[in-house]
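Report on the following structure.
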Amino acid sequence: MTTTAIIVAAGRGTRAGGDLPKQWQALRGKPVAAHAMARLAAHPHVDALVLVLHPDDLDSDLWPRVPAAIVATGGETRAASVRNGLAAVPTGTTRVLIHDAARPLLSQAIIDRVLAALDHAPGAAPAVAVTDTLWHGDGGAVTGIADRTRLFRAQTPQGFHLGPLLAAHAAARGDETDDVAVARAAGLDVAIVAGEEDNIKITTPEDFARAEKLMGDRMDIRVGNGYDVHRFGDGDHVWLCGVQVPHSRSLQGHSDADVGMHAVTDAIYGALGKGDIGQHFPPSDPQWKGAASHIFLDHAVALAAQHGYAISNADCTLVCEYPKIGPHQDAMKAVMGAYMKLDSSRISVKATTSERLGFTGREEGIAALATVTLVKT
Ligand code: MG
């Protein structure tokens, strides 16, 4: 099952004030759309992002400041923009989440609920039940009270199985206001899952202040450190930060002994206050013998997302005389970035010798230290 999130950012809405469409205005230092995209990208079951842009924005310097995504060009209407986004999803996509770029506060829990509901329905979308009394009014006076039972305020992300939604869009009239309307017109069931009051859509200037306050209230940054050592033994290569480096010796360990990846993984567990690799993957358990260490890192990254944290950056230092790390640094950053769903500019892999002192200086083994920051999403 492969899930692609489509972020619809092709609108020109300027009701929020300012010269730029609201999704490109800054919210806590980055574009509104970047917040929504980062939260979708951080979810362990979201595999790819498609960003639908207004044609005028294709050459702008705004959207490159958002997380990496496949770019599609928006159409005349919202439905046309979504259709272009659907046409751009990577091969193998079976489910899509369609999200409004102007909702920067979606939570991991909302994404969880939408995806879980898709196990039982072709469509699912978050909504909040209307609790205020609804009036009819005319000329400044109340003329009646509307029945609010069974009324909901719709939110995004709206989730669908790809095939049925493509068919629904192909048959749509084009004036539908959202994908739930498109799906229902085609006879698809759309399950309602619990939305959240904080999942606001930025429309007016006041909404920016409200979103900043909500983000400020939830500001939660965590730091973890990791330290690991593996000894040298016979062999002709070492695994370091996911890269196989030729060497006259190999590192010994229960797994592939990737000391750098272990330190980074332990730093994530440390920031979460959730133990360490040895606790999650006991060396006494034969199933982890010779295991590729990215299994441990994948687990820690998923655990962070499960607890509502996105990894902000990671810094790893390898301590050894040999092999030389410099020629492999870029590859290590790229591999670690892929496992951590992070741009490699947010990952540092550096190396130092210990001036021939101690066990690393005597080339008996390699040590690694790592620091990772997590940010509550
Ligand atoms: Mg280790």
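The table below gives the values:
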| read-out | value |
| --- | --- |
| Selection count, the range 168-208, where residues are of a type in the set (Ser, Thr, Tyr) and either without any contact (Cβ under 8 Å) to a residue 24 or more places away in the chain or open to solvent by less than 70 Å² (accessible area, probe 1.4 Å) (or both) | 2 |
| Boolean, Leu86 is modelled with pLDDT of 95 or more and surrounded by 15 or more Cβ atoms within 10 Å (Cβ to Cβ) | yes |
| Any hit, the range 251-267, residues being more than 16 Å from the ligand (Cβ to nearest atom) and surrounded by 15 or more Cβ atoms within 10 Å (Cβ to Cβ) | no |
| Which listed residue, of Thr94, Thr149, Thr143, Thr131, is touching a residue at least 60 places away in the same chain (Cβ under 8 Å), more than 24 Å from Pro31 (Cβ to Cβ) and out of contact with any Asp or Glu (no Cβ under 8 Å at 6 or more places or on another chain) | Thr94 |
| In the range 223-250, the residues that are open to solvent by 80 Å² or more (accessible area, probe 1.4 Å) and either more than 13 Å from the ligand (Cβ to nearest atom) or not assigned by TED's automatic domain parsing to the domain that holds Ile366 (or both) | Val223, Asn225, Asp234, Asp236, Gln244, Pro246, Ser248, Arg249 |
| Residue in the range 281-298 that is away from the ligand (no atom under 14 Å from the Cβ), within 27 Å of His237 (Cα to Cα) and modelled with pLDDT of 95 or more present | yes |
| Yes/no for Ser81 being over 18 Å from Gln155 (Cβ atoms), in a helix (DSSP H, G or I) and either among the polar types (S, T, N, Q) or open to solvent by less than 30 Å² (accessible area, probe 1.4 Å) (or both) | yes |
| Hey, Gly270 within 16 Å of the ligand (Cβ to nearest atom), out of contact with any helix residue (DSSP H, G or I) (no Cβ under 7 Å at 6 or more places or on another chain), open to solvent by 20 Å² or more (accessible area, probe 1.4 Å) and closer than 29 Å to Leu105 by Cβ or not | yes |
| Gly278 surrounded by fewer than 18 Cβ atoms within 10 Å (Cβ to Cβ), in the same structural domain as Gly235 (by TED's automatic domain parsing), near the ligand (Cβ under 9 Å from one of its atoms) and farther than 14 Å from Met340 by Cβ | yes |
| Unique residue being within 16 Å of the chain's Cα centre (by Cα) and surrounded by 23 or more Cβ atoms within 10 Å (Cβ to Cβ) when the list is Ala48, Ala33, Ala42 | Ala33 |
| Residue, most open to solvent (accessible area, probe 1.4 Å), within the range 303-356, restricted to residues that are among the basic types (Lys, Arg) and more than 22 Å from the chain's Cα centre (by Cα) | Arg356 |
| Residues within the range 51-69 that are open to solvent by 60 Å² or more (accessible area, probe 1.4 Å), without any contact (Cβ under 8 Å) to a residue 40 or more places away in the chain and in contact with a helix residue (DSSP H, G or I) (Cβ under 9 Å, 6 or more places away or on another chain), tallied | 1 |
| Where a residue in the range 248-263 is over 17 Å from Val349 (Cβ atoms) and its partner, wherever it lies, is open to solvent by 20 Å² or more (accessible area, probe 1.4 Å) and near the ligand (Cβ under 10 Å from one of its atoms), with Cβ under 7 Å and at least six apart | Gln252/His230; Gly253/His230; His254/Pro283 |
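Residue-wise test of (1) among the charged types (D, E, K, R); (2) in a helix (DSSP H, G or I); (3) open to solvent by 10 Å² or more (accessible area, probe 1.4 Å).
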site	(1), (2), (3)
Pro104	no, no, no
Leu115	no, yes, yes
Asp119	yes, no, yes
Val128	no, no, yes
Thr131	no, no, yes
Gly144	no, no, yes
Gly159	no, no, no
Gly163	no, yes, yes
Leu166	no, yes, yes
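The values are calculated or read from the model by the stated rules, or taken from the named source; none is laboratory data. The model shown is predicted, which means the values in this text are computed figures rather than measured ones. For neighbour counting, all protein chains shown are included, and Cβ atoms are generated from backbone atoms with ideal geometry for every residue, glycine included. Side chains included, ligands, DNA and RNA excluded: accessible areas come from the protein's heavy atoms. Shrake-Rupley method; radii C 1.70, N 1.55, O 1.52, S 1.80 Å.
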